[in-house]
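Please read the structure below before turning to the comments.
Every number in this text was worked out from the coordinates using simple rules, so none of it is lab data. Every value quoted in this text rests on a predicted model; they were computed, and no experiment measured them. Heads up, the Cβs are rebuilt from the backbone with ideal geometry, glycines too, and the neighbour counts pull from every protein chain shown.
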Amino acid sequence: MENRNEHFRHILLFYFRRGLNASQAYINLCEVYGDEALKERQCQNWFSKFRAGDFSLKDEQRTGRPIEIDDDQIKAIIDSSPNSSTREIAEKLNVSHTCIEKRLKKLGYERRLDSSL
């Protein structure tokens, strides 16, 4: 994904230096890449950086430690208690429930509603 984003940033810099504005660059990206293109707001943000003299095409370093979750731990919790909510799993692993939701989706688990309601 990073390579794809960096590729788009190179294209945006090219359009910036050609004198196009962010909206025009976005339209051109959409013509070629369709749904795979950056969002218009992302184009606007990069053009703002270019106008400010920042031509770095890499993402800035983010603060905070990336969360590492062991998939085996999640699977073990689900195996031992299949009706566990994302919040319960998150509490056991000391992470946010949204982090668990994303990981479960990545692992192929589906969201199911309680059929007893």
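222 nm [θ] for the chain, helices only, -39500 (n - 2.57) per DSSP H run of 4+, per residue, to 500? Using -39500 (n - 2.57) per qualifying helix, the result is -18500 deg cm²/dmol.
About its Cα centre, the chain has a charge dipole of approximately 500 debye under the convention of +1 per Lys or Arg Cβ and -1 per Asp or Glu Cβ, with nothing else charged. Projecting the Cα positions of 53, 93, 73 onto the charge dipole of the chain (unit charges on Cβ atoms of Lys, Arg, Asp and Glu, taken about the Cα centre) puts 53 furthest along the positive direction. Size descriptors for the chain: radius of gyration and Dmax over Cα atoms are 20.7, 61 Å.
Taking a straight Cα-Cα cut-off under 27 Å and skipping sequence neighbours fewer than 8 places away in the same chain, the lysines within cross-link reach of residue 106 are 39, 58, 75, 92.
Ordering 8, 42, 20 by Cα displacement along the dipole of the stretch 2-51 toward the positive end leaves 20 in first place; charges were set at the Cβ atoms of Lys, Arg (+1) and Asp, Glu (-1). Extending 7 Å from the Cα toward the beta-carbon at both residue 17 and residue 111 defines two label points whose distance is 4.4 nm.
For the stretch 46-104, trypsin sites (Lys or Arg not before Pro) meeting the loop criterion (DSSP other than H, G, I, E, B) and having at most 16 other Cβ atoms within 10 Å: 58, 62. Net charge in the neighbourhood of residue 21 (other residues with Cβ under 15 Å of its Cβ; Lys, Arg +1, Asp, Glu -1) is +4.
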